[in-house]
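Here's the structure, in structure tokens; my notes come after.
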Amino acid sequence: MKVRKYINDPKALLEEGKRIVSENADNKFVHRVSMVNLILNGLSPRKLAPYCGDSERTLQSWVKNVDENGWGSLMIEVSEQQIKKRSHTREQL
């Protein structure tokens with residue numbers, strides 16, 4: 001099996017990917033849905049946790065919430081204050 005030779009540092013790419021997911025409530029929802037889908041397809045939370053940046057317990061909680069309350073339970077609610085703060089931060093850039 002060929003091992004990829006990265007142009008950029010893989011650890012830096014991973015950190016940037018995690019940052020992108022953490023910045024947006026929609027991205028967080030998609031991330032959570034993707035992790036639950038992987039678990040529903042047979043990947044154990046214990047094996048998945050080190051690769052996705054979420055704890056085994058968190059992953060188990062998401063699966064439980066989806067089972068008991070549906071996919072909407074994984075959505076992130078953003079307060080008006082958080083929206084204003086993000087807008088203010090973007091204007092400063």
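The values are calculated or read from the model by the stated rules, or taken from the named source; none is laboratory data. Just so it is clear, the model here is predicted, and its values are computed rather than measured. No Cβ is skipped: glycine too gets one built from the backbone with ideal geometry, and neighbour counts run over all protein chains shown. Please note that ligands, DNA and RNA were not included when accessible areas were found on the heavy atoms of the full protein model with its side chains. Shrake-Rupley method; radii C 1.70, N 1.55, O 1.52, S 1.80 Å.
List pairs: first residue in the range 49-61 and outside any helix (DSSP H, G or I), second residue of a type outside the set (Phe, Trp, Tyr) anywhere in the structure, Cβ distance under 6 angstrom, at least six positions apart or on different chains.
53/18; 55/49
Residue-by-condition table, conditions (1) surrounded by fewer than 13 Cβ atoms within 10 Å (Cβ to Cβ); (2) among the charged types (D, E, K, R):
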position: 24; (1), (2): no, no
position: 32; (1), (2): no, yes
position: 40; (1), (2): yes, no
position: 50; (1), (2): yes, no
position: 54; (1), (2): no, yes
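Rundown of residues vs (1) in contact with a helix residue (DSSP H, G or I) (Cβ under 9 Å, 6 or more places away or on another chain); (2) within 21 Å of residue 64 (Cβ to Cβ); (3) in a loop (DSSP other than H, G, I, E, B), yes/no style:
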| site | (1), (2), (3) |
| --- | --- |
| 1 | no, no, yes |
| 7 | no, no, yes |
| 13 | no, no, no |
| 21 | yes, no, no |
| 29 | yes, yes, no |
| 32 | yes, yes, no |
| 37 | no, yes, no |
| 46 | yes, yes, no |
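Scanning for something surrounded by 11 or more Cβ atoms within 10 Å (Cβ to Cβ) and of a type in the set (A, V, I, L, M), does the range 1-12 turn up at least one residue?
No, that holds for no residue.
Within the range 73-93, restricting attention to residues that are at pLDDT 75 or above and closer than 21 Å to residue 23 by Cβ, which residue is least open to solvent (accessible area, probe 1.4 Å)?
In this case the residue turns out to be 74.
With (1) at pLDDT below 95; (2) within 29 Å of residue 10 (Cα to Cα); (3) of a type outside the set (Lys, Arg) as the list, and residue 56 as the residue in question, which single condition is left unmet?
(1)
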